[in-house]
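A quick write-up on the structure given underneath.
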Amino acid sequence: MSSIEINLQGQVALVTGGSRGIGRAIALRLAQAGANVAINYLRQRTAAEETVAAIRALGRQALAIRANVGEHEAIEEMVEEIKKEYGRLDILVSNAASGVLKPALELTEKHWHWTMDINAGTLLPLTQHTVPLMGERGGHIIAVSSLGSVRAIPNYAAVGASKAALESLVRHLALELAPKKISVNAVSAGVVDTDALSHFPNREQLLNHSAERTPTGRLTTPEDVADAVLFLCSGLSAQIQGQTIVIDGGYSITG
Ligand SMILES: NC(=O)c1ccc[n+]([C@@H]2O[C@H](COP(=O)([O-])OP(=O)(O)OC[C@H]3O[C@@H](n4cnc5c(N)ncnc54)[C@H](OP(=O)(O)O)[C@@H]3O)[C@@H](O)[C@H]2O)c1
């Protein structure tokens, strides 16, 4: 009997916000499949060091790079560091996100720009700087989005709009980069129990409601999202281009 294996041996991945939560699960999944992984973080060095250690324990090379992905110059320096260390990049996962959770009428100009810059404004410079490192081999670019891009959620106006812009950019990049053998897609997750949820005033309610309403009967985990990312980095997804794949156990098809 033959089996199918996803083998990323020799490839190099960058996962922004790869130190914690969903990004960490993605970094580990790509490492399990053979990739060397650079993770990016902003504030929590210890978490980044722990994730690097976990990747190395899998027998892969790992690097933690501190950079605010909301700053274009910081992105350029981060990619330069990857170039120096590995000389190539095959997979870019734009996962880091931030944002202000407030009713729309209370959002200030600063809140709006902060959220837009980090969630929607990052993918373009990341892509511009990393595509040259993919060279003629091509590669895979995956952005991490959320259901707030297409659904209305209380206090989520800025983040939801930023994710909608992100998904649109994914489609446009997918069109332009396909001839370079680069796939560009997004994964959009339902509610996932990470530290990010501590910023929601109604965290418990959100988790309970979500689990109850999910047809598969459980919440989506960081590993569920990571599995979809791995699939998008494999030859099994060769004809998937410019899509947003929803990973929510069917939550969004109900109600
Ligand atoms: N959790 C959910 O329910 C959910 C649902 C749908 C989609 N998502 C999406 O999944 C992605 C990850 O979310 P999560 O829940 O895993 O978040 P999380 O647990 O809060 O982790 C966020 C990660 O991003 C990093 N980060 C934050 N701001 C950054 C910046 N400006 N520059 C560089 N790194 C930065 C953090 O690093 P430090 O720790 O060093 O600050 C950390 O590694 C986001 O795109 C989010 O929108 C989450």
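Per-structure values
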read-out: Degrees separating the helix 222-232 axis from the principal Cα axis of the chain, which is the longest one; value: 50 degrees
read-out: Whole-angstrom gap from region 186-244 to region 95-124, using each part's C-alpha centre; value: 20 Å
read-out: Gain in span if fully extended, D227 to K181, counting 0.36 nm per residue against the direct Cα distance; value: 14.4 nm
read-out: Sequence-separation-based contact order of the chain, relative, with Cα cut under 8 Å and 6+ spacing, percent; value: 18 percent
read-out: CD proxy at 222 nm, helix term only [per DSSP H run n ≥ 4: -39500 (n - 2.57); per residue of the chain; nearest 500]; value: -12500 deg cm²/dmol
read-out: Relative contact order computed over region 1-84 (Cα-Cα under 8 Å; 6+ residues apart), in percent; value: 25 percent
read-out: Protection proxy ranking, peptides 72-78, 102-108, 37-43, average beta carbon neighbours within 10 Å, highest first; value: 37-43, 72-78, 102-108
read-out: Degrees separating the helix 203-213 axis from the principal Cα axis of the chain, which is the longest one; value: 80 degrees
read-out: With Cα atoms, 0 to 90° folded angle of helix 72-86 axis to the chain main axis; value: 40 degrees
read-out: Spin-label pair L207/T254, simplified geometry with 7 Å Cα→Cβ offset, distance in nm; value: 1.9 nm
read-out: 14 Å reach of a label modelled at R88, 7 Å along Cα-to-Cβ, counting backbone N of region 134-170; value: 134-140
read-out: Percent of Cα-Cα distances greater than 23 Å, calculated over the chain; value: 48 percent
read-out: Value of D in µm² per second that Stokes-Einstein yields for region 1-125, Kirkwood Rh from Cα pairs, at 20 °C (1.002 mPa s); value: 140 µm²/s
read-out: Close Lys-Lys pairs in region 12-250, where close means Cα under 23 Å and separation is 8 or more or interchain; value: 6
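Here, each number is a calculation from the coordinates, and none is a lab measurement. Just so it is clear, the structure is predicted and the values come from calculations on it, not from any experiment. Neighbour counts are summed over all protein chains in view; Cβ atoms, including those assigned to glycine, are modelled from backbone coordinates with ideal geometry.
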